[in-house]
Structures are given as structure tokens and as C-alpha cells.
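Notes follow the structure.
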Amino acid sequence: MLLDAAGTPLRPAEIDRPRPAAGQVLLRVRACGVCRTDLHVADGELPRSKLPLVLGHQIVGEAEDGRRLGVSWLGWTCGECRYCRSGRENLCDRARFTGYDLDGGYAEWAVADERYCLPLPTELGELEAAPLLCAGLIGYRSLRAAGDGERLGLYGFGAAAHIVAQVARAEGRRVVAITRAGDEEAQAFARSLGAEWAGSGAPPEELDAAIIFAPAGELVPAALAAVAKGGTVVCAGIHMSDLPAFPYELLWGERVLRSVANLTRRDGEEFLALAPRIPVRTQVEAFPLERANDALAKLRAGDVRGALAIVP
């Protein structure tokens, strides 16, 4: 399913099977998670993508030798810049990203740099593994960035939050979920995954940390107001609407406001080893490849409980 231009629907297309170059692996796509970043690319909120483009960066694929490999957002880094040399390859200025600079997994076949493919645990099925490759990995990196505080708030309860809630609960943390007003279904879903409280507006007590998954800049002052002194607010999305002005008092008290950018291969290795031990259970609704536009529309409408995936 090809994206020809920002703001246009994906179109079905028959193209040549990709040929792996040196160091690449050819994968038969078994499932590909649908991510909000796909929406940002399709809608032109993340400009300068490759066009025409195959979206999708949560690829569960089978190599010709039978290995099951996962392909995530980080598709290539230079290995030479100061970020790469200091263990921060997620900040590489020359990085190339799957489903943005490189064709992704909304297709029957894909190629990927083998160095950036992640071996998938045998315990994980194809559908349940797909959301772990971005929602899970970015959620895991965000949770580590949030620190070790006991009281954690999750703003927006979608694919990433429904995974992070399980990891946080396994670590003995208390979780609350903040959703859009009136979204009782999402609130019930959060409570079913161990959230002590789920609702809209201010949480019932101060938080030690908050992670914002919703791409809404107006949530930043709200989250800062909700965390205790010394607390951390993590912005987990690759795109967010502009932040409104807010009084310095909300940041004062050694509160920390930070973003999470991309991910590293080490994040992937750590999280995919951890997920089966918890165990993380993903809730995934599958769409056939030809209905990729329907999956994107469902995500845009916020009508998702858990995660979505494309199945060729």
C-alpha cells in the first residue's frame, strides 16, 4: 500500500519484490503494527519523507532461513558521529528510519539492514509482537526516562500506554491513566490492566512522574501541575502540537521536562528480553493489507483499545 503524497489515501500497488543489498535481509512480512507516527507521516506533519513510500515500522518478518525478526523505526545510523560513538545512536543526525526514509511493512515483502533487526522471542506470536516494536520500545525508553518513582501517570491510553502499564505494574509501581473526557471505554481498559484510577482532568493525588503519549501540547502544563516537586514529565511522541505558555512555577521545584527521541538497538534487546518474563500481553486488532486506510482512519478517530496491525 503506497503513499504517493501527504494527505492522500494509500493506494494498492503491485511493485517488484525488493532485492536485499549487501548487509540487508529479505523478509516476508507476517504482521506490521500501525503507529500514530504512520499518521503523522501520511498527514504531512512529519515532512520530507521518501515518496512514494511504504509506511510501517513495526514489522514482524520471516527471513529466508526461517528466522523471525523484528524491524523497528531505527533503520540505519552512521556509526561515526559523536552521538553514535557515545552510545546515543537514536540521536544520529544521519539516521534513516523505517517507513519514513526507508520503505516499511505495509507490504508483503520488506528489506532491512540486518544489524538493526531484532530477534523475536519464541514465546511471542506474530500479532502480539508487532506493537512491541515501537509502542513497546518507545514506552520502555520513556519509562526508564521517567525514573523510579512509585506513582506514574499515563496521559493517553493507547498502544504504548497499554504496554507500559503492564511493565510498570510488574515493577511494583502505582499507575493512573488520564484520558479524554468521556472516554469511559479507555478508562475501563486502563483499569483492567492495573490502573488504580482512570479518568480525565487532574489525577486524585500527586504523581512522581508522568508520560505523555497523546500528541497534544496542552497536556504538558497539566502534567507538570500534576507531578510533585522533583518529578519528571516525559513527552514520548515524535510529533506534538505546540506547547502553550505556562508559568515558571509549574516547572520550579526541580521538576524535569524532557522528550524521548527514537530508540536504540539496546532498548530493543532489553525490552524484548523483558516482555515475555512479565509477561506483557498486547491486545491487537488485525486488518488485511488492502484495508490499511481503514486502520489509519480508526487510529485517527481514537477508536482503538490496545493496538492495530496490518496482516498481508
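Things to note:
- Scanning the range 285-304 for residues that are more than 27 Å from Leu243 (Cα to Cα), surrounded by fewer than 22 Cβ atoms within 10 Å (Cβ to Cβ) and touching a residue at least 40 places away in the same chain (Cβ under 8 Å) turns up Ala286, Phe287, Leu289, Glu290, Asn293.
- The set of residues from the range 237-283 being in contact with a Phe, Trp or Tyr (Cβ under 7 Å, 6 or more places away or on another chain), under 26 Å from Phe189 (Cα atoms) and not in a helix (DSSP H, G or I) comprises just one member, Gly237.
- Selection within the range 1-16 - closer than 21 Å to Glu62 by Cα and either surrounded by 12 or more Cβ atoms within 10 Å (Cβ to Cβ) or modelled with pLDDT under 95 (or both): Met1, Ile15, Asp16
- Test: residue in the range 162-179 that is touching a helix residue (DSSP H, G or I) at 6+ places or on another chain (Cβ under 6 Å) and farther than 30 Å from Leu55 by Cβ: yes
- Tally, over the range 278-291, of residues that are under 18 Å from the mean Cα position of the chain (by Cα) and of a type outside the set (S, T, N, Q): 5
- When the range 103-129 is filtered for residues that are under 24 Å from Phe157 (Cβ atoms), in contact (Cβ under 8 Å) with a residue 40 or more places away in the chain and part of a loop (DSSP other than H, G, I, E, B), only Leu124 remains.
- Across the range 213-235, the number of residues qualifying as touching a strand residue (DSSP E or B) at 6+ places or on another chain (Cβ under 7 Å), within 18 Å of Arg151 (Cβ to Cβ), among the aliphatic types (A, V, I, L, M) and outside any strand (DSSP E or B) comes to 4.
- Hits in the range 247-283 - residues which are exposed (fewer than 15 other Cβ atoms within 10 Å of the Cβ) and under 19 Å from Ala214 (Cβ atoms): Arg258, Ser259, Ala261
- Under the condition of being among the hydrophobic types (A, V, I, L, M, F, W, C) and in contact with a Lys or Arg (Cβ under 6 Å, 6 or more places away or on another chain), the residues counted in the range 146-174 number 1.
- Pick from the range 162-209, criterion in a loop (DSSP other than H, G, I, E, B) and among the hydrophobic types (A, V, I, L, M, F, W, C), ranking: nearest to Leu132 (Cα to Cα): Leu193
- Test: residue in the range 184-197 that is within 23 Å of the chain's Cα centre (by Cα) and among the basic types (Lys, Arg): yes
- Pairs are defined by a Cβ separation below 8 Å, a sequence spacing of at least 6 or placement on different chains, a first member in the range 130-148 that is in the same structural domain as Arg255 (by TED's automatic domain parsing) and in a helix (DSSP H, G or I), and a second member that is of a type in the set (Lys, Arg) and surrounded by fewer than 24 Cβ atoms within 10 Å (Cβ to Cβ); the pairs so defined are Ala145/Arg258.
- Extreme residue, surrounded by the most Cβ atoms within 10 Å (Cβ to Cβ), among residues of the range 65-102 that are within 20 Å of the chain's Cα centre (by Cα) and assigned to a helix (DSSP H, G or I): Glu89
- Residue, nearest to His40 (Cα to Cα), within the range 103-119, restricted to residues that are surrounded by 21 or more Cβ atoms within 10 Å (Cβ to Cβ) and more than 17 Å from the chain's Cα centre (by Cα): Asp103
The values are calculated or read from the model by the stated rules, or taken from the named source; none is laboratory data. Computed from a prediction, not measured in an experiment: that's the story for all the values here. Positions of Cβ are generated from backbone atoms using ideal geometry, with glycine treated the same way; all protein chains shown enter the neighbour counts.
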